[in-house]
1. How do 216, 223 line up, fewest other C-beta atoms within 10 Å first?
2. For residue 187 and residue 108 in the same chain, what is the full-extension length gain: residue separation times 0.36 nm, less their Cα-Cα distance, in nm?
3. So what's the stretch 48-89 giving for Cα Rg divided by 2.2 N^0.38 Å, two decimals?
4. Using only Cα positions of the stretch 72-120, each an equal point scatterer, no hydration layer, compute I(q)/I(0) via Debye at q = 0.21, 0.31, 0.32 Å⁻¹ and quote the log10 values to two decimals.
5. Given C-alpha coordinates of the stretch 16-137, what is the ratio Rg to Rh with the Kirkwood estimate of Rh?
6. Between residue 11 and residue 29, what is the label-to-label distance in nm when each label sits 7 Å out along the Cα-to-Cβ direction?
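The numbers here are math on the coordinates, done by the rules we state, and not lab data. Everything numeric in this text was worked out from a predicted model, so none of it was measured. For neighbour counting, all protein chains shown are included, and Cβ atoms are generated from backbone atoms with ideal geometry for every residue, glycine included.
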Ligand SMILES: [Fe+2]
């Protein structure tokens, strides 16, 4: 046992990291930053405009998108209590980089991760996630490299191979071109190739870039940090997808990003960078979600629906 936050990392982990799903251990809980009291303080210190609050059905189906709400007049302690007892997801976005106490730990963590994996981390950000019993996250893909470090409670991440059957090149291009958010078309057949990764406190998982995934919590409060970072690999790969997305749309070409020889990736990255500067695209997607409820400790699931909204909306696919 060392003082390192990252634990149980072996040469086998290093060989598989980035290529397969790897699970490892960590000591984030020992920092004291993730107790109820510390989380309440974090939420109180965090700008409310950068706090995601949402709800969903229990054990949410893979294709059910969450519903946004607000916890405007509640203290951090009240929001922690609501996350623990209600049907809620509460997340101070970028807390690990914006709050100095958390950033000190995050910088250490990413330094250890980069050293252990041999991956150059170019930039990184992370949210703190608090989510209640049986909450989850729908089927989606993240454009950056992602991993989850789990601190309290139990959860299962369902990870799908980053193949055309699960996430098409066109869908990845649309996310990178900001035509859509990160949700993807889902089909039950995809469960044939899923890998279920169960996480208990002190465990973390890192999966290959562009692997679609979804999450379902156990019967307890979950506290995790969700990390996204860019690496030379993600920068070059996304440059290929971005450039091909633009070519497909503007010139009607039918390029294949996954078949692009690695040696050409830097040229694609340079092209993508130039296009972003010289010919920026208009974003079509509505990135702000309509707030449909307020957190209320006395309401069922701590969710008080605003006029015109209600539980029936949770039972059917939300916008
Ligand atoms: Fe994700």
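1. In increasing order of surrounding Cβ atoms, one gets 216, 223.
2. Here the segment from residue 187 to residue 108 would lengthen by 24.5 nm.
3. My calculation over the Cα atoms of the stretch 48-89 gives 1.22.
4. These q points yield log10 I(q)/I(0) values of -0.80, -1.05, -1.07.
5. Ratio of gyration radius to Kirkwood radius for the stretch 16-137: 1.00.
6. With each label point 7 Å from Cα toward Cβ, the separation is 3.1 nm.
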